[in-house]
Amino acid sequence: MLVLILLLLYQHSGGSICQNVSRPNIVMVMSDAFDGRLTFEPGSKVVHLPYINYVRQLGSTFLNAYTNSPICCPSRAAMWSGRFVHLTQSWNNYKCLDANATTWMDLLERNGYLTKMMGKLDYTSGDHSVSNRVEAWTRDVQFLLRQEGRPVAELVGNMSTVRVMQKDWETTDKATQWIQQTAASSHQPFALYLGLNLPHTYKTESLGPTAGGSTFRTSPYWLKKVSSELISVPKWLPMAAMHPVDYYSTFTKNCSGDFTVEEVKNIRAFYYAMCAEADAMLGQVISALRQTGLVNNTVVIFTSDHGELAMEHRQFYKMSMFEGSSHVPLLVMGPGLMSGLQVDQLVSLVDVYPTVLEIADIPPVGNLSGHSLLPLVTTSFGKKPHPDWVLSEYHGCNVNVSTYMLRSGQWKYITYADGLSVPPQLFDVAVDKDELHNVARKFPDVLEHLDKLLLSIVDYPEVSTAVHVYNKKAFVEWRERLEGNYSQVIANLRWHIDWQKDVLANERAVDEWLYGSFWEFHT
């Protein structure tokens, strides 16, 4: 009943964006590793997300929204620049946008908006761990090493423990204070960006200083938001039947061992609980907008950089084109935008840039890869054509070749490297929602059509070559900077347990990758 009353009030007070005398405010909350399928049915039934449901009822939900690269920094680079990652050469978590790159927030500020960016940004070059970048550079070295800790679930606190992810809550508190103390008293339209870490996994401290994030952590308070009876146990292909790239990912993510059904269900339950905590942070921001009377002239956008596999396809983390990893949430509500709308159109994060500019009535700058979403969620803008495909690509760690995904209609086409050396995958996601049946050989005409479409968008064999050259160059420069410390440093990265089983063989594999075989090196 409360949501119905709010809906009626919201519709009564809100005019179209074009009709507003003042330009609307813009608030984006961007989470990390949030599975977009949880924002609509049937996924939305497994965990209680009241504030996402609030935005869904008062605004529009995109049912087929995708990341342009399923890893943190490149994905955010695409969102902030409005350009595909191959155009900005955002190859991995270390190599993304230049610090002086123009974002849509920069353009808002130049055009009269009061702007504030808080929390996780992560779209410029130079960040993330040494392990993360070295693993990306050496991904096609001929060795197979576990790079992550085994995924685990960790329960902390009790039924009164609400603030598990303290850092995110502190940032959310600052964001709501900024709304109440600064935005509410400003005569300018404002734009606020809040970047959350949740529901990204936590660092596994027991594995030492180089450890990655393999811990799904939550409290009983958030676990009670999860409908445990609705948690599915994903179907897995046998390791021997896996696509070779998926096999590499499963092994390097330390998921090739045995897992009990209880372990898998716990990991998934804890992940959903972490999503519920992120939802509450979104709620705190929305509550601040309501309390200050700003909500009726504010466009609110909720999205994520990528999803989380949560043991689907025998993997956790992201770095995959499977739905759990690549499908992101995208919800928008605001004055003049349709309420309760579910949009089937394929869209991706590069569409955020032109959408924000159109909301603010700012002409786009440069050649953007994305297209405004406003024609899909309002009657006030002309129905401009939107491409019937989305592109995602991946060039980072835990995947041993460059990967390209094209979603078009019912199909998901995944191809690798030069399109020839590694077999492609094709899934009919309309009937194979678990993506367990690669039908590439069954539908050669579809495969050929989608490959031609992909090549018209990106010369992916050329891009793959460019990444390969970059990886070697970046690695050699890093190794030379280490001088005599190289052997010690590389042996103690996240793969240290497997590396130290045969140090000489692993160092030799790196040299052969750089210079060719021993014979080639000496002739």
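The values are calculated or read from the model by the stated rules, or taken from the named source; none is laboratory data. Here the structure is a predicted model, which means the values were calculated and not measured. Please note: Cβ atoms are built from the backbone with ideal geometry, for glycine as well, and neighbour counts cover all protein chains shown. The protein model used for the area step is the full one, side chains on, heavy atoms only, and it has no ligands, DNA or RNA in it. Shrake-Rupley method; radii C 1.70, N 1.55, O 1.52, S 1.80 Å.
Structural remarks
- Only beta bridges with both residues in the chain are counted; by DSSP, about 45 percent of them are antiparallel.
- In plain terms, the bigger the Kirkwood radius, the slower the diffusion; for the stretch 191-257, with that radius from Cα pairs, at 4 °C and 1.567 mPa s, Stokes-Einstein puts D at 84 µm²/s.
- The helix-based estimate of mean residue ellipticity at 222 nm for the chain, built from -39,500 (n - 2.57) per DSSP H run of four or more residues and divided by its residue count, is -10500 deg cm²/dmol to the nearest 500.
- Under the span-like rule (Cα at least 27 Å along the axis, Kyte-Doolittle mean at least -1.0), DSSP H helices of the chain: 261-291, 460-482
- Total formal charge among the other residues, if their Cβ is under 10 angstrom from that of H395, Lys/Arg +1 and Asp/Glu -1: +1
- Shape class of the stretch 142-225 from the alpha-carbon gyration tensor: oblate, with a/c at 1.5 or above and b/c at least as large as a/b.
- Across the stretch 170-194, the residues whose backbone nitrogen lies under 12 Å from the label position 7 Å along the beta-carbon direction of S22 are 183-191.
- In this rough spin-label picture, where each label sits 7 Å from Cα along the Cβ direction, the K501-K45 distance is 4.3 nm.
- Above-threshold pairs, the threshold being 30 Å between Cα atoms, out of K167/K253; K174/K412; K95/K412: K174/K412
- Gain upon complete extension [E109, N485; 0.36 nm per residue less C-alpha separation]: 130.8 nm
- Equivalent ellipsoid semi-axes - Cα gyration tensor, the chain, angstrom: 38, 26, 23
- Contour excess over end-to-end distance, with Cα ends at K433 and H449 and 0.36 nm allotted per residue: 3.6 nm
- What a 1.4 Å probe finds exposed on the stretch 187-263 is 56% carbon and sulfur by accessible area, rounded to a whole percent.
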